[in-house]
Amino acid sequence: MSNNTQSPGPNSPNDAQLEVHPGWVRSGQDGTTGQKAYYINLEAKPGNGDKVEQFLRDILAGVEQEPGTGPWFGTRFSDTTFGIFEAFPDTAARDADDVGPGGQNFLRSAELEEMLAYPAHIYRLDVMFGKFSTLFGKKIA
């Protein structure tokens, strides 16, 4: 893993605090009320895409147990670039994800170090608005 703490993904403003942890960093602000989300950028080392895909499956198995997490999407942009988008009704649910079965996967720092080119970058987001009545072309209740 590179010593650089910034992935090549979207970067926060220069005045934003960057929390640095083994295998991942987190940026973005907290403290406002309303719906919340995470966008997580993961860049695999060449040849490690399958490991990152399995890591995302492990996270999904965990977030399935978290009542405040959802929707949750694991995404793949290329052979080496992956992402997670997950939404929460509020800050408390997002905080619960951090210590829940899904978020606990980010404590696997040795595995993250082995498979990622950069630390995973976790972006805190505020959900401003969205379309919630349809998912993959189907109406939802």
Qualifying residues in the stretch 94-115 (those that are under 14 Å from the mean Cα position of the chain (by Cα) and either open to solvent by less than 40 Å² (accessible area, probe 1.4 Å) or of a type in the set (Phe, Trp, Tyr) (or both)) - the one farthest from residue 53 (Cα to Cα): 94
Residue 70 under 14 Å from the mean Cα position of the chain (by Cα), touching a residue at least 40 places away in the same chain (Cβ under 8 Å) and open to solvent by less than 60 Å² (accessible area, probe 1.4 Å): no
Criterion: outside any strand (DSSP E or B), of a type in the set (Ser, Thr, Tyr) and open to solvent by 20 Å² or more (accessible area, probe 1.4 Å) - qualifying residue of 75, 32: 32
Matching entry among 62, 49, 83 (being closer than 20 Å to residue 29 by Cα and either aromatic (Phe, Trp, Tyr) or at pLDDT 95 or above (or both)): 83
Total residues in the stretch 36-67, condition outside any helix (DSSP H, G or I) and either within 16 Å of the chain's Cα centre (by Cα) or of a type in the set (Val, Ile, Thr) (or both): 11
Qualifying position, being of a type in the set (S, T, N, Q), within 19 Å of residue 124 (Cβ to Cβ) and at pLDDT below 95, among 32, 75: 32
In the stretch 78-93, the residues that are open to solvent by less than 20 Å² (accessible area, probe 1.4 Å) and either of a type in the set (S, T, N, Q) or part of a helix (DSSP H, G or I) (or both): 93
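The values are calculated or read from the model by the stated rules, or taken from the named source; none is laboratory data. Values in this document were obtained by computation on a predicted structure and should not be read as measured data. Counting neighbours? That spans all protein chains shown, and the Cβs are built from the backbone with ideal geometry, glycine included. Surface accessibility is based on the protein's heavy atoms, side chains included, excluding ligands, DNA and RNA. Shrake-Rupley method; radii C 1.70, N 1.55, O 1.52, S 1.80 Å.
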